[in-house]
Amino acid sequence: MNLSVNIAGAILKNPVMPASGTFGSGREYAEFVDINRLGAVVTKGVSITPWLGNPPRRIAETASGVLNSVGLQNAGVEAFLRDDLPFLKQFDTRVIVNICGRSIDEYIAVAEVLSGSGADMLELNISCPNVGEGGLSFGADAGMVYRVTTAVKKRSGQPLIVKLSPNVTSISEMAIAAENAGADAISLINTVLGMKIDIRRRAFALPRKVGGLSGPAIKPIAVRMVYEASRAVNIPIIGMGGIMTGEDAAEMLMAGASAVAVGTANLSKLTATADVLDELILFMDENGFNDIRELTILS
Ligand SMILES: Cc1cc2nc3c(=O)[nH]c(=O)nc-3n(C[C@H](O)[C@H](O)[C@H](O)COP(=O)(O)O)c2cc1C
């Protein structure tokens with residue numbers, strides 16, 4: 001059975017990877033999951049300087065997913081290069097570094113520092129708040145998606161994946177803007193803006209009021225957006241949003257993704273990434289698929 005996929009010129013041994021921010025630096029999960037089995041590891045967001053993140057509470061549970069407001073806390077790119085990258089490079093897997101910034105210059109700076117490193121690809125998180133535009137995310141506007149992607153692509157030494165936000169009217173428009181700007185691949189979806197109110201306390205569940213919803217609740221949104229984006233562009237798509245099982249992964253591949261990322265599932269089940277891979281193989285076996293790429297082709 002062939003499970004390998006080609007994302008932006010890099011061959012991944014299989015299409016399963018963790019979603020950014022839900023797998024720590026990989027170290028936290030290495031005792032539960034054989035990282036060598038994963039197609040890639042995606043790091044949490046890395047910025048040019050350390051970010052403190054948002055004050056607690058940062059996570060609120062909902063009926064079918066979680067709302068988070070972590071605020072991209074991270075120790076900065078120098079600490080990442082010193083502490084995390086050497087750990088990840090021990091494994092026979094691809095390393096995708098998710099990057100964030102509060103301005104185009106900050107994105108460029110972190111991409112340049114990572115250029116000569118052992119990172120295989122960069123994933124540009126354009127859901128970061130754009131300080132210059134009053135906190136509006138870069139991913140909310142097609143012109144901004146084009147500008148930030150062009151700028152980072154010019155300076156990055158690695159293939160660039162642009163991670164799209166679902167909090168837009170037309171995902172196709174954003175996918176096309178990323179492709180026209182030179183993105184080598186796109187990934188979607190990031191979290192969906194949501195809110196929860198604790199009616200007993202008459203207070204917002206998260207101090208910042210709004211959070212990003214992830215998990216099973218958003219899977220139908222993700223499947224629809226992956227499908228629409230796959231019709232709009234020719235570059236490969238990494239699909240994510242609510243993947244809990246191998247069958248969910250198969251659905252995302254059938255929607256048009258070439259690879260999949262497992263996010264919130266890691267928070268409730270430490271072995272989720274490996275389990276999704278095992279279940280996907282079982283699904284293929286039981287349904288007569290010999291090549292993972294056969295799943296992606298659905299009209
Ligand atoms: C706790 C948490 C932290 C996250 N951190 C990041 C991040 O640093 N960068 C990023 O691009 N996405 C981040 N995400 C979004 C996920 O990578 C993913 O796009 C989203 O959660 C949808 O997938 P899921 O439903 O499988 O979780 C985070 C999600 C969660 C739940």
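The values are calculated or read from the model by the stated rules, or taken from the named source; none is laboratory data. Small disclaimer: the values here were computed from a predicted structure and weren't measured. Cβ: placed from backbone, ideal geometry, glycine included. Neighbour counts: every protein chain shown. Each accessible area value is taken on the protein alone, full model and side chains, heavy atoms only, with ligands, DNA and RNA left out. Shrake-Rupley method; radii C 1.70, N 1.55, O 1.52, S 1.80 Å.
A quick yes/no check of all residues on (1) modelled with pLDDT under 95; (2) among the hydrophobic types (A, V, I, L, M, F, W, C); (3) within 19 Å of the chain's Cα centre (by Cα):
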{"position": "25", "(1), (2), (3)": "yes, no, yes"}
{"position": "34", "(1), (2), (3)": "no, no, no"}
{"position": "53", "(1), (2), (3)": "yes, no, yes"}
{"position": "78", "(1), (2), (3)": "no, no, no"}
{"position": "86", "(1), (2), (3)": "no, no, no"}
{"position": "97", "(1), (2), (3)": "no, yes, yes"}
{"position": "112", "(1), (2), (3)": "no, no, no"}
{"position": "122", "(1), (2), (3)": "no, yes, yes"}
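Annotation note: Cβ proximity below 6 Å between a residue of region 44-61 that is within 28 Å of residue 108 (Cα to Cα) and open to solvent by less than 60 Å² (accessible area, probe 1.4 Å) and a residue that is away from the ligand (no atom under 11 Å from the Cβ) and of a type in the set (Phe, Trp, Tyr) (sequence gap 6+ or interchain) occurs for 46/80. For residue 210, indicate whether it is within 16 Å of the ligand (Cβ to nearest atom), modelled with pLDDT under 95 and either over 15 Å from residue 125 (Cα atoms) or of a type in the set (A, V, I, L, M) (or both). In short, yes. Restrict the check to region 65-75 and report whether at least one residue is of a type outside the set (S, T, N, Q), out of contact with any Leu (no Cβ under 8 Å at 6 or more places or on another chain) and modelled with pLDDT of 95 or more. For region 65-75, residues of a type outside the set (S, T, N, Q), out of contact with any Leu (no Cβ under 8 Å at 6 or more places or on another chain) and modelled with pLDDT of 95 or more: absent. Candidates are the residues of region 62-77 that are on the phi < 0 side of the Ramachandran plot and not in a loop (DSSP other than H, G, I, E, B); the one that is surrounded by the fewest Cβ atoms within 10 Å (Cβ to Cβ) is 62.
Would you be able to say whether some residue in region 219-232 is crowded, with 19+ Cβ neighbours inside 10 Å, over 17 Å from the mean Cα position of the chain (by Cα) and in contact (Cβ under 8 Å) with a residue 24 or more places away in the chain? No, the conditions are met nowhere in region 219-232.
Would you pick out the residues in region 155-177 that are away from the ligand (no atom under 14 Å from the Cβ) and aliphatic (A, V, I, L, M)?
Taking region 155-177 as the starting set, the residues that turn out to be away from the ligand (no atom under 14 Å from the Cβ) are 155-159, 168-170, 172-177.
Across region 155-177, the qualifying residues are 168, 174, 175, 176, 177.
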